[in-house]
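Accompanying notes for the structure given below.
Bear in mind these aren't lab numbers, they're just calculated from the coordinates by the rules spelled out. Note that the coordinates shown come from a computational prediction; the quantities given were computed from them, not determined experimentally. Here the Cβ is made from the backbone with ideal geometry for all residues, glycine too, and neighbour counts use every protein chain on show.
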Amino acid sequence: MTPENTNKESLMAAIRARHSVRRYDARPVEPEKAEALRAAIESANSAAGLHIQLVLDEPKAFSSKLVTYGQFTGVRNYLVMAGPKGRRVEENVGYYGERLVLLAQTLGLNSCWVGLTYRKIPGAFTLAEGEVVHCVIALGYGLTPGVQHPLRPAGGYYECDGEPPQWFLDGMEAAMLAPTAVNQQKFRFILHPGGEVEAKPLFSMIGYTHVDLGIVKCHFEIGAGKVGFLWK
């Protein structure tokens, strides 16, 4: 088995095992796991021009009793997904954020993408001029492993002339397992001649569709094996 196949198998295992978790216990993130996350964060920030930051042992962001949606409890660690404004940046937030989520899963940590139900705590992170917080990702040891969101048939989420190749179907399988805002799955994949793949967001009243698109593209690449296609 090649290293590429081994990596794909481990990432697909993380994709299948990872579910949104909103209730955490008090165990701290071990230093070696924090360092692994920081190294991956540094690489992501360098590659995409983002300002992702890991915040540890900070309980205030999710402590508001006024926030009831999602019912987060025990969150003390999170990723701040910060960077400039713009739709391309939002897509990068989703793509590189999901890479970090899957890394966390392989490290034995649970996670949850969070768009609104948190507070920005002064001093917990920094922003450069022109930067915003697009969302955060809760991290830690969940009280439960979470549950799989309802899966829909992949056929309604792609367009293709004729029978699609297996690598494309594998990519779609992974994409359908991707977390999206309130499980809205507002995306569509189009397989063009020559193996080019186009992924585009659809309209949503909720928003976050470009972040979601980055997440599902991350999953698609892993499932397809990033072999035999180019992004259009």
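So for each of 73-81, 176-184, 53-61 I average, over its residues, the number of other beta carbons within 10 Å; can you give me the resulting order with the highest mean first?
73-81, 176-184, 53-61
Taking every DSSP beta bridge that has both residues in region 154-231, what percent is antiparallel when rounded to the nearest 5?
Around 50 percent antiparallel, to the nearest 5.
How much length is gained if the chain between LYS85 and ILE190 is pulled fully straight, taking 0.36 nm per residue apart and subtracting their Cα-Cα distance, in nm to one decimal?
Here the segment from LYS85 to ILE190 would lengthen by 35.1 nm.
How high is the FRET efficiency from GLN148 to LEU127, r the C-beta distance, R0 45 Å, rounded to 0.05?
Once rounded, the FRET efficiency stands at 0.80.
Given the chain, what percent of its DSSP beta bridges are antiparallel, to the nearest 5?
Of all bridge pairs located within the chain, approximately 75 percent are antiparallel.
May I ask you to evaluate 6.51 cos²θ - 1.76 cosθ + 1.60, the Karplus curve with θ = phi - 60°, for each residue of region 161-177 and list the ³J(HN,Hα) values in order in whole Hz, giving x for glycine and proline?
7, x, 7, x, x, 4, 4, 5, 4, 4, x, 5, 4, 5, 4, 5, 8
What share of the DSSP beta bridges in region 96-232 is antiparallel, in percent to the nearest 5?
Given both bridge residues lie in region 96-232, the antiparallel proportion sits at roughly 65 percent.
So what's the back-of-envelope 222 nm ellipticity for the chain, counting only DSSP H runs of four-plus at -39500 (n - 2.57) apiece and dividing by all residues, rounded to 500?
About -11500 deg cm²/dmol.
GNM, the chain, Cα, under 10 Å: largest mean-square fluctuation among TYR158, TYR24, TYR208?
Comparing TYR158, TYR24, TYR208 in the GNM, the peak value goes to TYR158.
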